[in-house]
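The values are calculated or read from the model by the stated rules, or taken from the named source; none is laboratory data. Just so we're clear, the structure is a prediction, and the values are computed from it rather than from any experiment. Here Cβ is always computed from backbone atoms with ideal geometry, including for glycine, and neighbour counts include all displayed protein chains. Ligands, DNA and RNA are excluded from the accessible area calculation, which covers all protein heavy atoms including side chains. Shrake-Rupley method; radii C 1.70, N 1.55, O 1.52, S 1.80 Å.
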Amino acid sequence: MLRERVSDDIYVFTSELYAQVTAGAVIGLEGAVLIDTLALPEETLEIKEFVEKRLGRPVRYVVNTHHHSDHTLGNALFPKALVVSHTLCRSLLDTRGREALEQAREHSRELQDVQLHLPELTFSHGELVLRAGRRTMRLIPLPGHSADGIGVLVVEDRVLFAGDVMMPIPYLADGDYEHMLTSLKAIPRMKLENLVQGHGESVLRGEVANAVRSNLQYLSAIRRHVRRAARLRDPEAYLLEVDIEECGKSRILMNGLAEQLHSRNLVALYRLWGEGH
Ligand SMILES: [Zn+2]
């Protein structure tokens, strides 16, 4: 696990075991707020050790940016913390998350003892504001990667934990195209010092606009290809050939996972839109 300090008392942890997934910690005087957990217990336990033992601050809240297991499976390692999320995140975790965990347990020894810990505090409209010490955290809906997506904006430091709506390559297979556009366009208006993506490296102030633009350009490139495919006799064959680099993204992003995400994006959009979009 990599640890990076992005502002005074704000840390980002990046997995070295699974898809460069990230988690964050905002350290207050009396306690800490985590934003997501990492996919495997050993890495989440490293975060716990760092925050609770080395910094000496108990984790009081864990915010889940969305229900996917790579971000939420560590919740149960903080039994005394209050887990906070969008209302949809709780219901998706309780249904799809529960099924996914049962399946994952069959293949992974590390996940044998993992339990679900459902969010206790949820919101379904507008924003939720969480305060810790002198910090104000705005929990803002940012759907698109998934319907329950939220971001956490640390107001005083202008740091946004965006969840998976912002990744080195957009990933839509469980998401909504139009919602992702709306969420991405909101990000540059937040005047950020630091944008923490759900996977991959954090983006510094001067690069935020470019990073968001690059994702928007990728999204319009794949839309063009899906529309073209719909007019062909063998759309699936065409979509298989759509090159990721031609859509403006490098195939080596996310340790090479990018290409797989790219193919799934095309298939998902084609299934959703089919002909005539
Ligand atoms: Zn993820």
#### Entry: Within-11-Å neighbourhood charge of residue 216 [Cβ basis; K, R +1; D, E -1]
+3
### Query
Sorted by mean Cβ packing within 10 Å, highest first, what order do the peptides 173-181, 202-210 take?
173-181, 202-210
#### Entry: About the Cα centre, charge dipole magnitude for region 137-275 (Lys/Arg +1, Asp/Glu -1 at Cβ), debye
460 debye
### Value at 222 nm in deg cm²/dmol, rounded to 500, when DSSP H runs of n ≥ 4 in the chain each add -39,500 (n - 2.57)
-9500 deg cm²/dmol
### Task
Might you report the magnitude of the Cβ-based charge dipole of the chain about its Cα centre, with Lys and Arg at +1 and Asp and Glu at -1, to the nearest 20 debye?
820 debye
### Query
Rounded to the nearest 5, what % of the DSSP beta bridges within the chain are antiparallel ones?
70 percent
### Message
Using a probe radius of 1.4 Å on heavy atoms only, what accessible surface per residue do you get for the chain? Whole Å² is fine.
### Response
48 Å²
#### Entry: Distance (nanometres) between label positions extended 7 Å along Cα→Cβ at residue 4 and residue 134
2.5 nm
## Note on the structure
If the chain between residue 273 and residue 173 were fully extended at 0.36 nm per residue, the gain over the current Cα-Cα distance would be 34.7 nm
### Task
Could I have the simple spin-label model distance between residue 205 and residue 185, label points 7 Å from Cα toward Cβ, reported in nm to one decimal?
2.6 nm
### Summary
Scalar couplings 3J(HN,Hα) for region 33-40 by Karplus 6.51 cos²θ - 1.76 cosθ + 1.60 (θ = phi - 60°), nearest whole Hz, x for Gly and Pro, are 10, 9, 10, 6, 10, 9, 5, 10
### Task
First select every other residue whose beta carbon is under 12 angstrom from the beta carbon of residue 154; then total the charges, Lys and Arg +1, Asp and Glu -1.
0
### Accessible carbon and sulfur surface of the chain relative to its total accessible area, %, 1.4 Å
48 percent
## Note on the structure
Out of 244, 209, 255 - ranked by how far each Cα lies towards the positive end of the dipole of region 181-277, with unit charges on the beta-carbon of charged residues - the top one is 209
### Query
What does the charge dipole of region 125-193 about its Cα centre add up to, to the nearest 20 debye, if the Cβ of each Lys and Arg holds +1 and the Cβ of each Asp and Glu holds -1?
460 debye
